[in-house]
Every structure is written in structure tokens, then in C-alpha cells.
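**Student:** If you scroll down you'll find the structure; I have some questions about it.
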Amino acid sequence: LLLVQAGDVTDQQPTITVRRSTPLEEAFGTMDENDMRSITVVDEDGKPLGFVKRREARNVSGRCEERLHTFKVTGKAEENLRVVLSKLYEHNTVWMPIVDEEGRYSGEISQDYIADYLSSGRTRRRLNP
């Protein structure tokens, strides 16, 4: 866990976001197409502002900023998985956004994504090129 960084895991996941001004209908469609329970909302600079839940975007009008939930915690791409898991447990959440050095959204990480990454063999290839 100490040898793998959060960015290694997020690089394997699709990065799908919306903006504050995105219509909720569009956000719901994106979540539906990609089988997502929520979607991250970013500002003009790509920094995460929060997320919109799929069930709250279903069959409603308005914009994402009207249903925005703020994040409890964020992680940094260079943090190792031990630090990331500690943050997830400490804040009692199953996923969080990962940001780069400038604070821009680079993906999300979850306990499931970490488990998938560790069991995929990518770790061995990365450590033993």
C-alpha cells in the first residue's frame, strides 16, 4: 500500500465530470449511460466542487449547482494507498476525489477501485518492470 499512489489507481478509471451549470437532466443521462450513482462537479479550472447524486437528478429540472453536495475529504494523486484508505475510513466514506498538484480533479478513488487495482497484477508489473 505504501508503494502505490492514488494517481496510479485513478489513471485506470474514466474521468467523467460536469459543471455547475450543467442541466440535471444531462447529468442524469451521463450517470445513467456510465452506470454511476453520482457525478463530480468541477469549476472552470477543473477543481472539484462537490457531487450530484443520481437519484436527486432523476426527473427534475434545474442545474447541478442546485443539488450540489460538498466532499467530506479529498486525496492527492501522490498520496500512497495507506494514506488514502485512512482518509476514507476516518471520514466514513467509500469514495473521494483525487486532485493533482494544482488541485484539479484527476479522478476518484474508492475501496473497490483499490481492491480491483491491487488484484489486477498492475502492481507487480509496476514494481517489477
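**Student:** What is the gain in length, in nm to one decimal, between Glu44 and Arg58 on full extension, counting 0.36 nm per residue of separation less the C-alpha to C-alpha distance? Each step should come with its number before you reach the end.
**Tutor:** Working: separation 14, 0.36 × 14 = 5.04 nm, distance 2.47 nm.
That works out to 2.6 nm of additional length.
**Student:** Moving to a separate point now. Which percent, nearest 5, of DSSP beta bridges in the chain are antiparallel? Numbers along the way, then the final one.
**Tutor:** On the way: 13 of 18 bridges.
Among the beta bridges of the chain, antiparallel pairing accounts for roughly 70 percent.
**Student:** Do any trypsin sites (Lys or Arg not before Pro) in region 1-56 lie in a loop, going by DSSP, with at most 12 other beta-carbon atoms within 10 Å of their beta carbon, and if so which?
**Tutor:** Working: sites: Arg19, Arg20, Arg37, Lys53, Arg54, Arg55; in loops: Arg20, Arg37.
Those that pass, being in a loop and sparsely packed, are Arg37.
**Student:** Kindly provide the GluC sites (Glu not before Pro) of region 1-44 that DSSP labels as loop, not H, G, I, E or B, and whose Cβ sees at most 16 other Cβ atoms within 10 Å.
**Tutor:** Working: sites: Glu25, Glu26, Glu33, Glu44; in loops: Glu44.
When the GluC sites (Glu not before Pro) of region 1-44 are filtered for loop state and at most 16 Cβ neighbours within 10 Å, Glu44 remain.
**Student:** Relative to the present Cα-Cα distance, how much length would full extension add between Ser21 and Val83 at 0.36 nm per residue of separation?
**Tutor:** Working: separation 62, 0.36 × 62 = 22.32 nm, distance 3.33 nm.
Length gained between Ser21 and Val83: 19.0 nm.
**Student:** Using the alpha-carbon centroid of each, what span in Å lies between region 26-71 and region 80-122?
**Tutor:** Comparing the Cα centres of region 26-71 and region 80-122, I get a distance of 20 Å.
**Student:** Counting other beta carbons within 10 Å of each residue's own, what order do Thr93, Thr40, Thr22 fall into, fewest first?
**Tutor:** Sorted ascending by nearby Cβ count, the order is Thr93, Thr22, Thr40.
**Student:** Using only the Cα atoms of the chain, what do you get for the radius of gyration and for Dmax, in Å?
**Tutor:** Calculated on Cα positions, Rg and Dmax stand at 15.2, 51 Å.
Computed from the coordinates by the stated procedures, all read-outs in this text should not be read as laboratory data. Note that this is a predicted model, so its numbers are computed, not measured. Cβ sites come from the backbone with ideal geometry, for glycine too, and all protein chains shown count toward neighbours.
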